[in-house]
Amino acid sequence: MAQLKNQSKKIAIFGAGITGLSAARELIRLGHEVHVYETLPYVGGLAATFKDDDGFTYDNGPRFIFSTLAEKLGILEDCVPVKYFEHLHVEGRDYLFPFGFAYNPRFALSVGLAFLTRYFLPKPVDLGAFLKTYYGPYFSSKTLAPLIEKWSGVASNEMSIDFASRLLPTNLSYIVHCLVKKIRGGITEDYYKKGRYIVYPKTSNAKIFEALCETKGLQISLSSGIRSIETNNRHVTSVTLESGNSVTADYYLSTMPINNLAKQISPHGILDHWLKLQYRSIVILFIKLNKPKILDGLWTWFPETKFPFYRIAEYKNAVPGLAPNDKTLISVEHACQEGDNIWTMNQEELFSYIFDDLHQLYGIKTRDVLGLDINRCAHAYPVLRKETEDLQRSLKHTTPIDNLFLAGRTGMFQYRMTEGSYDSAMDCASAIEHYINDQPLETNSELFRDAYGRPLVIHE
């Protein structure tokens, strides 16, 4: 690769989550002046962490990371290996995913027949067809299809097949890998990359952001939402914050929801095609319990429509210190749309709404509850619809506005875990650096990595 010139530029980043802060660190390393603007009064974005006076730690989703990322962030010594198990609750039973379904003959037969016949079937063109082809009609209709439909709010046959390539296991080697993981007690190397294993920060996800915020020269402004982005001849000239203050920079990197970004652009119309893209909202109810443990793994998925929630997670099963001894904290996640019934409930109302289910599943009684808290996220997940597939696939780090770049889960409208978000930040920083030096990009990870930053499982 040709040597890039050292041209220091002023760069503004919208969003202080894993993507924005990682990109900031890399751009500062490359010699640029970086200022991060965050709408919320805290850093962390979708993965923010909170603690209370009773010794409970609230992570917005138990976001484990791989050891390789922990090493890059300089926090590997502050992490512990995780015995990673997840379950699906179907027809009154918890199944270890994915190998546990082998104990159900009908599920095993469905997947087995699909494995033998899928090469003779037409190539699926939507997610619903993909699920039937790769997992069989019976298994997919009882597990993955209803779970994805509950999570996304969209019928599986209306969703893009790209969702599968990002998240779902599709080959035999993955199933074998999961069997080995079970034998080894949950801890094993990632089968995509030897020597990489799952870890969780000892003191919560906050450790990730503490490390990133220690970047020398980093400037962060909290409670600094964007009101408008002024452009001239497809070039950002200034940004006005909600406070009324004006921001100017040479380059701008956005991790904010892409449809919201389009609304902020003035004059309007340049990015209006992005307004078609939709996100799913979530409401997380945190429940402190006077019980030592609830789940057998880190989390359990609930595909059946009779349950209003789609996942329950228990943090201390990753790191015991995240809750006091003999007590635990669970998070109950609900997919919804901003403004609907679930979204508008307060914590007491939502707990009452799901109490009968929690009692039936885990024997939880009202006297077991030590406290409640609630967190809402309006743009938690991009909904990958088939009807907007071409638009979704066309998104890159660069945009029609020459000094505006995109990165991250919400910023690029791609489902990404922490590793994928970090990789997106690194790629975007590289894109900006190459643009500054008038050199073409040599790679684009969007084309060949899944949500975890791994090579795509489904090859076109």
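The values are calculated or read from the model by the stated rules, or taken from the named source; none is laboratory data. All of these numbers come straight from a predicted model, not from anything done at the bench. Here Cβ is always computed from backbone atoms with ideal geometry, including for glycine, and neighbour counts include all displayed protein chains.
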If a residue has to be over 19 Å from VAL154 (Cβ atoms) and in contact (Cβ under 8 Å) with a residue 40 or more places away in the chain to count, how many in the range 111-136 make the cut?
-> 1
Could you tell me whether any residue of the range 93-101 is closer than 24 Å to VAL383 by Cα and of a type outside the set (Ser, Thr, Tyr)?
-> yes
Failed item, numbered, when ALA16 is tested on (1) surrounded by fewer than 22 Cβ atoms within 10 Å (Cβ to Cβ); (2) assigned to a loop (DSSP other than H, G, I, E, B) = (1)
What is the one condition in (1) in contact with a helix residue (DSSP H, G or I) (Cβ under 8 Å, 6 or more places away or on another chain); (2) farther than 30 Å from SER223 by Cβ that LYS72 does not satisfy?
-> (2)
Filter the strands (runs of 3 or more DSSP E) completely within the range 230-304 down to those with at least 2 residues that are over 24 Å from ALA380 (Cβ atoms).
-> 236-241
Could you tell me which numbered condition GLU349 fails, if it satisfies all but one of (1) touching a helix residue (DSSP H, G or I) at 6+ places or on another chain (Cβ under 6 Å); (2) part of a helix (DSSP H, G or I)?
-> (1)
Does the range 322-335 contain any residue that is within 23 Å of SER204 (Cα to Cα), without any contact (Cβ under 8 Å) to a residue 60 or more places away in the chain and assigned to a helix (DSSP H, G or I)?
-> no
Take the residues of the range 77-106 that are surrounded by 15 or more Cβ atoms within 10 Å (Cβ to Cβ) and at pLDDT 90 or above: which is farthest from ARG311 (Cα to Cα)?
-> ASP78
Hits in the range 34-58 - residues which are among the acidic types (Asp, Glu) and either crowded, with 16+ Cβ neighbours inside 10 Å or touching an Asp or Glu at 6+ places or on another chain (Cβ under 6 Å) (or both) | GLU38
Examine the range 11-26 for a residue that is under 27 Å from GLN219 (Cα atoms), out of contact with any Ser or Thr (no Cβ under 6 Å at 6 or more places or on another chain) and among the acidic types (Asp, Glu), and state whether such a residue exists.
-> yes
Residue count, the range 59-76, condition crowded, with 16+ Cβ neighbours inside 10 Å, touching a Ser or Thr at 6+ places or on another chain (Cβ under 8 Å) and modelled with pLDDT of 90 or more, comes to 1
SER238, sole failed condition from (1) within 28 Å of VAL36 (Cβ to Cβ); (2) over 20 Å from the mean Cα position of the chain (by Cα); (3) not assigned by TED's automatic domain parsing to the domain that holds ARG393 | (3)
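Within the range 432-439, can one find any residue that is under 28 Å from TRP301 (Cβ atoms), acidic (Asp, Glu) and not in a loop (DSSP other than H, G, I, E, B)? Break it down into steps so the answer makes sense when it comes.
Looking only at the range 432-439, we keep the residues that are under 28 Å from TRP301 (Cβ atoms), and these are none.
Checked against the condition, which is being under 28 Å from TRP301 (Cβ atoms), acidic (Asp, Glu) and not in a loop (DSSP other than H, G, I, E, B), the range 432-439 yields no hits at all.
Yes/no per residue for (1) of a type in the set (Gly, Ala, Ser); (2) surrounded by 22 or more Cβ atoms within 10 Å (Cβ to Cβ); (3) more than 26 Å from ILE282 (Cα to Cα); (4) modelled with pLDDT of 95 or more:
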| position | (1), (2), (3), (4) |
| --- | --- |
| LEU391 | no, no, no, no |
| LEU395 | no, no, no, no |
| THR398 | no, no, yes, no |
| LEU404 | no, yes, yes, yes |
| THR410 | no, yes, no, no |
| TYR415 | no, no, no, no |
| GLY420 | yes, yes, no, no |
| HIS434 | no, no, yes, no |
Pairs returned, first residue in the range 32-43 that is in a strand (DSSP E or B), second residue that is buried (at least 23 other Cβ atoms within 10 Å of the Cβ) and not aliphatic (A, V, I, L, M), beta-carbon separation under 6 angstrom, 6 or more apart or interchain, are VAL36/GLY20; TYR37/PHE14
Conditions (1) more than 29 Å from GLU389 (Cα to Cα); (2) of a type in the set (D, E, K, R); (3) touching a residue at least 40 places away in the same chain (Cβ under 8 Å): number failed by LYS142 | (1)
Within the range 15-53, residues out of contact with any helix residue (DSSP H, G or I) (no Cβ under 7 Å at 6 or more places or on another chain), of a type outside the set (S, T, N, Q) and at pLDDT 90 or above come out as GLY20, ALA24, ILE28, ARG29, GLY31, HIS32, GLU33, HIS35, TYR37, GLU38, LEU40, PRO41
What are the residues in the range 200-225 that are surrounded by 20 or more Cβ atoms within 10 Å (Cβ to Cβ) and touching a Leu at 6+ places or on another chain (Cβ under 8 Å), if any?
-> SER204, ILE208, PHE209, LEU212, SER224
